[in-house]
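Data block below; observations after.
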Amino acid sequence: MTSAKKTFCLRLSIIAALLLLVSALHYLTTTQQTGAHDVYRRLYYVPIVLGGVWFALRGGIVTAILASLLYMPHVLFHWQHNPTIALEQYLEIVLYNVIGCLTGFLAQSERQQKYRYQKAAETLEGSYLKLREQADQIIEIEEQLRRADRLSALGELSAGMAHEIRNPLGSIKGTAEILRDGVAADDPKLEFAEILIREVDRLNGVLEDFLRFARPTPVEHGQFLLGEVVNDILDLTRQQAAHNQVEIVVALDDDIDIPGQGEQIKQVLLNLVLNALQAMPSGGVLKVSSTNLEHKIDIQVSDNGPGIALEDRERIFNPFVTTRDSGTGLGLAITQRIVQGHGGHIVLYSIPGQGASFTICLPLSLKRTEAITS
C-alpha cells in the first residue's frame with residue numbers, strides 16, 4: 001500500500017470514528033442532561049471540518065450528511081416532547097451542512113489555487129531553462145562568429161605568407177643543398193648546411209599547417225575502412241614507437257565502411273598517435289580502439305602518459321595553443337576541423353598523471369560528409 005493510500009485510509013478512519021463516538025455519546029446519555037447534549041451536538045463539527053479540510057468539497061458535504069443522518073433519529077425520538085429544543089437541534093443539522101459545504105469549498109479553492117501556483121512555477125522554471133539554453137546558444141554562436149573572424153583574418157594572412165615566404169624558402173633550400181654538396185664530408189661546415197636545410201623544412205611545415213588550418217580541404221563523398229587507415233598509421237609510426245619503447249594495442253570492432261574521406265581521417269589519427277608517442281618518450285602503452293553504435297562509431301586513441309592539465313584541456317583545441325616548445329599549436333585545431341567537417345566531434349578525457357584519451361565520434365550517415373569551408 002502506498003503512502004498516499006495509507007494516509008487516505010487513516011483520515012477516513014478518524015472521521016468515521018469521531019462520528020460514531022459523538023453519536024454514541026448522544027444515544028447513551030439521557031435527555032435529562034441537556035447541557036451534555038449541547039456539547040455533544042457541537043462535537044459533530046470536528047469530523048465535519050476535518051472532512052472538508054482533508055477531502056475538499058465532496059468530503060465536507062458527505063461528512064455533514066452522515067452527521068445529520070446519525071443525529072436525526074436522536075432528535076426525532078428523544079426530543080419531540082420539547083419542541084423548542086427540537087427546533088434548535090434541527091437548526092444545528094442545517095448548520096452542519098452549511099459548515100461542511102463552506103469548509104469543503106474553501107479547502108477546494110485553496111487546493112486549486114495551490115495547483116495553479118505550482119503550474120505557474122513549473123511554467124516559469126521551464127521558461128527559465130529555455131532562456132538559459134538560448135543564452136548559452138547565443139554565447140556559443142558569438143564565440144563561433146569571433147572564431148570565424150579570426151579564421152578569416154588567418155586565411156588572408158596565410159595567403160600572403162604563402163606568396164611571400166614559399167618562394168624565398170625554395171631558393172634558400174636550393175642554395176643550401178648546393179652549398180652542402182660542395183662541402184667535404186669531414187668539413188665542420190657540413191653540419192651547418194644540414195641545420196640550414198632542416199630548419200628550412202621545419203619552417204615550410206609550419207607554413208603548410210597555417211594553410212591547412214585556414215583553408216581546410218572539403219570533405220568528399222566516399223567510403224573508407226577504419227582498419228586499413230589504422231594499419232597505415234601504425235606502419236608510419238612503428239619505428240618511433242619502438243624507439244620510445246611504447247607498446248601499441250589495437251582493439252577495433254568488426255571493420256565496416258565509414259562514409260567520408262579516408263586520407264583526412266588518417267591525418268586526424270596520425271596527429272593523435274604522434275601526440276601520444278611524444279607524450280611517452282620513456283615507454284608506455286598506446287591503445288587505438290573503436291566502438292560501433294547504432295548511428296555512429298567512436299574511435300579512441302589513449303595513452304598512459306603524463307596527461308593534460310585542466311587549464312590546458314579547456315583550450316587545447318584552440319589555434320596556436322600548444323604544450324610543447326617546438327609545436328605550432330595547430331595540430332589539434334586542424335584535427336577538430338576535419339572531424340567537424342565529417343559531421344562529428346572530438347572529446348578529450350584526461351587525468352593528470354594517468355594519461356589522456358581522445359574520442360572521435362563520427363556519424364554513420366552520408367549527410368555529414370558535406371563540406372565545411374568557412
Selection within segment 262-273 - surrounded by fewer than 21 Cβ atoms within 10 Å (Cβ to Cβ) and either in contact (Cβ under 8 Å) with a residue 60 or more places away in the chain or over 21 Å from Leu362 (Cα atoms) (or both): Gln267, Asn271
Residue within segment 84-91 that is closer than 28 Å to Arg41 by Cβ, modelled with pLDDT under 75 and touching a Ser or Thr at 6+ places or on another chain (Cβ under 9 Å) present: yes
Test: Ala56 is under 60 Å from the mean Cα position of the chain (by Cα) and at pLDDT below 90: yes
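Listed here are the residues, each with its yes/no results for (1) among the aliphatic types (A, V, I, L, M); (2) in contact (Cβ under 8 Å) with a residue 24 or more places away in the chain; (3) closer than 21 Å to Glu88 by Cα.
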{"site": "Thr2", "(1), (2), (3)": "no, no, no"}
{"site": "Arg11", "(1), (2), (3)": "no, yes, no"}
{"site": "Ile14", "(1), (2), (3)": "yes, yes, no"}
{"site": "Leu19", "(1), (2), (3)": "yes, yes, yes"}
{"site": "Tyr27", "(1), (2), (3)": "no, yes, yes"}
{"site": "His37", "(1), (2), (3)": "no, no, yes"}
{"site": "Pro47", "(1), (2), (3)": "no, yes, yes"}
{"site": "Leu57", "(1), (2), (3)": "yes, yes, no"}
{"site": "Pro73", "(1), (2), (3)": "no, no, yes"}
Among (1) touching a Ser or Thr at 6+ places or on another chain (Cβ under 7 Å); (2) modelled with pLDDT of 90 or more - the single one Val288 does not satisfy: (1)
Scan of segment 278-288 for residues that are surrounded by fewer than 20 Cβ atoms within 10 Å (Cβ to Cβ) and assigned to a helix (DSSP H, G or I), ordered by number: Gln278
Count - residues of segment 318-361 that are part of a loop (DSSP other than H, G, I, E, B) and at pLDDT below 80: 13
Residues within segment 22-35 that are among the hydrophobic types (A, V, I, L, M, F, W, C) and surrounded by 14 or more Cβ atoms within 10 Å (Cβ to Cβ), tallied: 2
Residue match in segment 285-304 (condition: out of contact with any strand residue (DSSP E or B) (no Cβ under 7 Å at 6 or more places or on another chain), farther than 23 Å from Gln340 by Cα and touching a residue at least 12 places away in the same chain (Cβ under 8 Å)): no
Within segment 40-73, tally of residues that are farther than 19 Å from Leu102 by Cα and either surrounded by 13 or more Cβ atoms within 10 Å (Cβ to Cβ) or aromatic (Phe, Trp, Tyr) (or both): 4
Residue that is nearest to Val285 (Cα to Cα), among those in segment 244-260 that are assigned to a loop (DSSP other than H, G, I, E, B) and out of contact with any His (no Cβ under 8 Å at 6 or more places or on another chain): Gln245
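The values are calculated or read from the model by the stated rules, or taken from the named source; none is laboratory data. From a predicted model like this one, the values you see are computed outputs, not experimental measurements. Cβ sites come from the backbone with ideal geometry, for glycine too, and all protein chains shown count toward neighbours.
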